[in-house]
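No lab work stands behind these numbers, since they all come straight from the coordinates. For clarity, every value in this text was computed on a predicted model and none was experimentally measured. FYI the Cβ positions are ideal-geometry reconstructions off the backbone, even for glycines, and counts take in every protein chain you see.
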Amino acid sequence: MTILPTVTEDVPLGDAGYLALVNLLNIDLQVIADAIEFEVDTGHTQDLQFDFSGILTVGVLGNYNLVLQKWDAATQQWTGIDGQGEATPLSLSLLGGTSGTVTGLEPGEYRAFMGYNDGTLLGVGVGGTLTLNATDYDFTEIAGYEAVPAIGNVLINDDVPAGTTVQSVDGTTIDPGGTTIQGDFGQLTILPNGAFTYTPTASGAGIGKVDTFEYTLVDADGKTGTATLNVQIGSDSVTLAWDGADPSQAATLEFSATGDDASALVVWENVTNDAFFDDSEDVLISLLQPTTTYNSQAFVVTDSMDVSGTIVLSVIAAALSNGEIALQREVSPGNWQNVQSAPFSILVGLLGPIATIDLSTVDFTAGSYRVHATLSGVGVGVQTSLTTNVDVTYTDQFEIGSATGDTGNLLTNDDLGSAFTSFQIFDGTSYVKVTGAMNIVGDYGTLTVNSDGSYSYVPDPTLTHFTDVQTDTFEYQLVHPTGPVEQSSLVVTVEPSGAGVPVQTMMMFVADDIGGLDQIDATHDDSSSSHAHTDSLDDLSQLIDDSGDDLTIPLEGLDVLSAPDDSDADLTTVEEHVDMIDTPDPADLPVDPLGHLATEDDWNSHPSHVV
């Protein structure tokens, strides 16, 4: 059974004009000006059709090349389409002329251009126009199924006398002109001479299944025998594993989804306010007012604040004077008390800062505070500027200082089993096919996932403060083209650190290495077998070849085997295999480090078997 992708023909990719073709031996292949860039999407392949309109003669076609390059994201370089070298030059003579097709381009970013190479550094090619189109094969959308019939003969491997025919299949008598039998997954048309054609139903449901038919043979004397025809429905589009010992069993799909883990880090910081209380005031003295007092507006400090900043008095115009700046706290209504002060003296001509209070050194308690200043002097001309800058850090408020996410690929450790397997992500409501970049909002961050399974996770910058490790889980599933679904998930561990997060004490445990019995390597060699052969000619059924297996018909590379299930016939050949195992000399085995746990009696009373 062949699964058909959705095909789109004549997809335009672009064109490029050339006045003359550059010499490929004399250019930097990473820097190409007149190239046509195009992309093959994940889950697609493309056949590239090109046409070059330059005037070329057959004799020089070999000097002209269609050059293809593929972008390597890991190296950030253009390479050949097979990953080798910097480019893949394709001679037009090998491609069959000035137009042709390059088949089977896998997903990725490409570019194409025309180049010239006559073996010298001086050669230049005739210009022209390069036009590219593509046939796109979309394996993410199944267009249909193409049934591939199996043809064979049930008698071909049976030792039967002349005149033996197929009497019936599944109880239906076979007509001389042939009879069609409806199976579980297709139709069997069979003639009395044993020739048959099996055509599976054009559907994905039968892939990997076995259609079983029981047929009866009759010879010229009327003696009968029965056997089974097993038709295994395979597909080049699906990875299958058949049971070699029992061809009647359905295939096992090589198809699985394995969980993924990622990690993220959120570093918390306390919320700060660098403009909690800012104040600037000029303080001066004069003949009429030789002493000046200044009080700022009050500001309130709570127990959940760490305070920093400064109170600075600077001299703008100096004369002989003195005073004090102070941080005061209201100890009772209208009663202010110094918490910290800084006295100063001003000399004639002295300018700049003369008194400072560093608020980070103050032992603040909850309450109302203000800045108080006094300035006294003789004469005029003293002018100062008092600047207050109060900054606070809220010890009970938090914000994200920095966050680190993670990247990976959900499909790396999965077995898709087919190019047609659909990759779907749960968007919070339902599973949706991933055809491009998709954003899924989780509890603690956003997952961006692409159709090739690659993803990135970024923590939410607006998270509410948390102190315990959290997990963000994203569900996805793989849908096999034959129907089965495998579900799995990405679990992102989000770890907090920084402000408000308790320091975890990590305990280190050290243990001695202990080797177990699984370190013992016992080898054996299967080297002998015995065969028993029986032969009898009592009746027809004894002449039907019996290999111990039912008749198995793979649809690809048809091999027909038949064997009787129940008959009055003798079986022609039966092979029995007894595999002998050479066990190693005990002296050559490694010492069991847990041997002290077994006594001599244990070994004698409990025989072990090497399988």
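Summary of values
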quantity	calculated
Sorted peptide list for 383-391, 292-300, criterion being average Cβ within 10 angstrom, highest first	383-391, 292-300
Dimensionless Rg ratio for the range 174-313, taking C-alpha atoms and the 2.2 N^0.38 Å reference	3.20
Förster radius 41 Å - calculated FRET efficiency between E254 and A20, Cβ distance, rounded to 0.05	0.20
Average projected area [Cα convex hull, the range 2-143], square nanometres	9.0
Lys, Arg +1 and Asp, Glu -1 on Cβ, resulting dipole of the range 2-143 about Cα centre, debye, nearest 20	540
Pairwise Cα inverse-distance average, inverted: Kirkwood Rh of the range 269-398 (Å)	15.4
Local electrostatic count, V31, Cβ distance below 14 Å [Lys/Arg +1, Asp/Glu -1]	-3
Peptides 425-436, 226-237 ordered by average Cβ neighbours within 10 Å, highest first	226-237, 425-436
Orientation-averaged projected area, Cα convex hull of the range 142-188 (nm²)	5.0
Candidate lysines for bridging to K223, where Cα separation is under 20 Å - those fewer than 8 sequence places away on the same chain excluded	none
Which of Q337, L359, N273, positive extreme of dipole for the range 269-398 (C-beta unit charges)	Q337
For the range 110-199, diffusion coefficient by Stokes-Einstein and Kirkwood Rh (Cα), 10 °C, 1.306 mPa s, µm²/s	83
